[in-house]
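A.B. asks: There's a structure below that I have some questions on.
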Amino acid sequence: MASRKRTTQKQRVTMKDVARHAGVSQPTVSFVLNDRRDVSIAAETRTRVLEAAKELKFQPNRAAQSLRSNRSYTVGVIADRLVSQPYAGHIVLGVQQAVQEAGYVCFVVETAQTTDGGKAAVENLVQQGVAGLVYAAPGPEYVTPVDGLDTVPTVFVNCFPPGGTPAVTVLADEYQGGYDVAAAVFAAGHADVAFLGGPEDDYACQERKRGLDRAAADARIPSTQISITFGTFQVGSGYDLAVAVLADAANRPTAIICGNDRMAVGALMAAQSLGMRCPEDISIVGFDDQPDLADQMHPPLTTVALPHQQMGFEAGTLLLAEAEQPGRHLVPCEYVARSSLAAPRPEGT
């Protein structure tokens, strides 16, 4: 009878292996790899240990470290309705990238699909002793966080707690993005412009309009030459508002600045329904750089990219920072130039 070959798993590299390879004691390896600065270790010895660990591809046992140091290496991400906005899910990816570089792992909980708003899930994360929590939402708005966030370090990303509650908050710089896209419109030569915004009381809409106002002032464009209307951030709203501003041929703008890309889609449909071409007859710009939409339009849409992934990375970095940094941390938006913006057609042509 043929003998069966036993398969054995490759043994995990231990601190004892690293110590033997580096020619030092195991406690010395432990002090170095756990970054114990209260223990005096020669720089040359520290370097030798780190090089030995790298050569042996040593992976620390986080579970054992947590037991010894009473320190958790997990971070909870409370995703509030992110599943309804696929591109906003890049926030979670950014958080993961930030904490994984520091040796942490993420547990993600989506509260929108729970009957209690995620209360039990958050309580479970806290009881598990997570190092901190990141509360993320699909759009910059006031949120009512579930109970338990005040017991562990928490960072809010793309949202903020109600009232004047002090908190570490990461937001896109909507004002800067609004300024950049409006400045590009004015630089292209447009002076008669329409702004189709979302809800008038919406934070993002207010900041983007504030950027527009500043860009107009810098370009010396009178406010009377800018038509301002507000809608709902939806395609249908963009269509209806655009039809209204384009209906008067005598006072028709040469460019439309939309509150977001979906409204820009509606504005483009409205222009086409009136026999207008973009950008020959009317330039249209948006905001968000929504994936599989902005760059797929005809013509491709000039817009501003929301830095969701970088926002998540910033949130993860702030969460693991040694000192809490309360206040709003703004992440720059990127202006994306495409062919829906061009110089206005000369009069009489």
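The values are calculated or read from the model by the stated rules, or taken from the named source; none is laboratory data. Because the structure is predicted, anything quoted here is derived from the model rather than measured. Ideal geometry is used to build each Cβ from the backbone, glycine not excepted, and the neighbour counts take in all protein chains shown. When the accessible area is computed, the model is the full protein with side chains, heavy atoms only, and any ligands, DNA or RNA have been set aside. Shrake-Rupley method; radii C 1.70, N 1.55, O 1.52, S 1.80 Å.
A.B. asks: For helix 90-101, report the angle its Cα long axis makes with the longest principal axis of the Cα atoms of the chain; keep it between 0 and 90° and round to the nearest 10°.
C.D. replies: The angle comes out at about 30 degrees.
A.B. asks: Roll a 1.4 angstrom probe over the protein heavy atoms and tell me the percent of accessible area of the chain that is carbon or sulfur.
C.D. replies: 50
A.B. asks: Also: Order the following by accessible area, largest value first: 48, 262. Probe radius 1.4 Å; ligands, DNA and RNA are ignored.
C.D. replies: On the way: 48 75, 262 50 Å².
Final ranking, largest accessible area leading: 48, 262.
A.B. asks: Excluding ligands, DNA and RNA, what is the solvent-accessible area per residue of the chain at a probe of 1.4 Å, expressed in Å²?
C.D. replies: 52
A.B. asks: I'd like the FRET efficiency for residue 229 and residue 281, computed as 1/(1 + (r/R0)^6) with the beta carbon distance as r and R0 of 22 Å, rounded to 0.05. Kindly include the intermediate steps, with their values, before the conclusion.
C.D. replies: Values: r = 20 Å, r/R0 = 0.90.
My answer for the efficiency is 0.65.
A.B. asks: Sticking with this one: Using modelled backbone amide H atoms (1.01 Å from N, in-plane), which distant-in-sequence or interchain residues come within less than 5 Å of residue 106's amide H?
C.D. replies: Residues meeting the amide H criterion: 75.
A.B. asks: Suppose a student asked you for the relative contact order of the stretch 207-349, using Cα pairs under 8 Å spaced at least 6 residues apart; what percent would you report?
C.D. replies: On the way: 199 pairs, mean separation 28.3, N = 143.
Taking the mean separation of contacting Cα pairs over the length of the stretch 207-349, I get 20 percent.
A.B. asks: Select from 333, 259, 223 the residue farthest towards the positive end of the dipole of the chain; place +1 on Cβ of Lys and Arg, -1 on Cβ of Asp and Glu, and compute about the Cα centre.
C.D. replies: In the chain, that residue is 333.
A.B. asks: Turning to a different aspect of this structure: So if each residue of separation counts as 0.36 nm, and I subtract the Cα-Cα distance between residue 151 and residue 57, what length gain in nm does that give?
C.D. replies: Numbers: separation 94, 0.36 × 94 = 33.84 nm, distance 3.64 nm.
The residue 151-residue 57 span can extend by a further 30.2 nm.
A.B. asks: Provide the packing ranking of 93-104, 132-143, i.e. peptides ordered by the mean count of other C-beta atoms within 10 Å per residue, highest first. Spell out each step's value before the answer.
C.D. replies: Values: 93-104: 18.8, 132-143: 21.7.
Result, highest mean first: 132-143, 93-104.
A.B. asks: Something else now. Using the Cβ atoms and a cut-off under 13 Å, what net charge is assigned to the surroundings of residue 88, where Lys and Arg are +1 and Asp and Glu are -1?
C.D. replies: On the way: positive: 81; negative: 80, 110, 141, 288, 289.
That works out to -4.
A.B. asks: In addition: Defining a contact as two alpha carbons under 8 Å apart and six or more residues distant in sequence, what relative contact order in percent does the stretch 226-309 show?
C.D. replies: About 26 percent, as a whole number.
A.B. asks: Oh, and also: In terms of the Cα gyration tensor, with a ≥ b ≥ c the square roots of its eigenvalues, is the stretch 189-273 rounded because a/c is under 1.5, prolate because a/b exceeds b/c, or oblate?
C.D. replies: oblate
A.B. asks: Further question on the same structure: Find the relative contact order for the chain and round it to a whole percent, using C-alpha pairs within less than 8 Å whose residues are 6+ positions apart.
C.D. replies: Values: 667 pairs, mean separation 58.7, N = 349.
Dividing the mean separation by the residue count of the chain yields 17 percent.
A.B. asks: Ok, one more. When the helix-only estimate is applied to the chain (DSSP H runs of n ≥ 4, each -39,500 (n - 2.57), divided by the residue count), what is the mean residue ellipticity at 222 nm, nearest 500 deg cm²/dmol?
C.D. replies: Dividing the helical sum by the residues of the chain leaves -11000 deg cm²/dmol.
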